[in-house]
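The structure under discussion appears below in the form of structure tokens.
The values are calculated or read from the model by the stated rules, or taken from the named source; none is laboratory data. Just so it is clear, the model here is predicted, and its values are computed rather than measured. Cβ atoms come from the backbone with ideal geometry, glycine included; neighbour counts cover every protein chain shown.
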Amino acid sequence: MGRGHGDLAAGAFHLGQDVSSVAFLPDGTWRAAGSVDGTETIWDVSSWAVVRNLDEPEWGVFGLQFSPDGAVLVSMGDDEGTTRTWASR
């Protein structure tokens, strides 16, 4: 059985399960990825160093968006449209 796109992305993003959403900081320096198991991680794009892990195991992540100034990351979950905001810096 072949690997799905989410499996390949999970390996590239070093997440435990399928990647369901990706967002980039407006200036392109950081990338965030969320997975169906609720894991959210922010990386520095130039070094691939983890900037911050944001684990919310109660619900999967199905949308991510940085604020225009990059100070906030908003994640959208699968439980009736719940959103959560995180200080990203």
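Return the residue satisfying two criteria in turn: it lies in the stretch 28-46 and is closer than 10 Å to W59 by Cα and over 8 Å from the mean Cα position of the chain (by Cα), and of such residues it is surrounded by the fewest Cβ atoms within 10 Å (Cβ to Cβ).
Checked the stretch 28-46; the qualifying residue surrounded by the fewest Cβ atoms within 10 Å (Cβ to Cβ) is D37.
Take the residues in the stretch 47-80 that are closer than 20 Å to D18 by Cβ and at pLDDT below 80; name whichever of them is surrounded by the fewest Cβ atoms within 10 Å (Cβ to Cβ).
My answer is P57.
If I ask for residues that are part of a strand (DSSP E or B) and aliphatic (A, V, I, L, M), which ones from the stretch 17-32 would you list?
Hits for the stretch 17-32 are V19, V22, A23, A32.
State all residues of the stretch 54-76 that are without any contact (Cβ under 8 Å) to a residue 40 or more places away in the chain, within 12 Å of G38 (Cβ to Cβ) and part of a loop (DSSP other than H, G, I, E, B); if no residue qualifies, say none.
If the condition is that a residue be without any contact (Cβ under 8 Å) to a residue 40 or more places away in the chain, within 12 Å of G38 (Cβ to Cβ) and part of a loop (DSSP other than H, G, I, E, B), then E56, P57, E58, W59 are the ones that fit.
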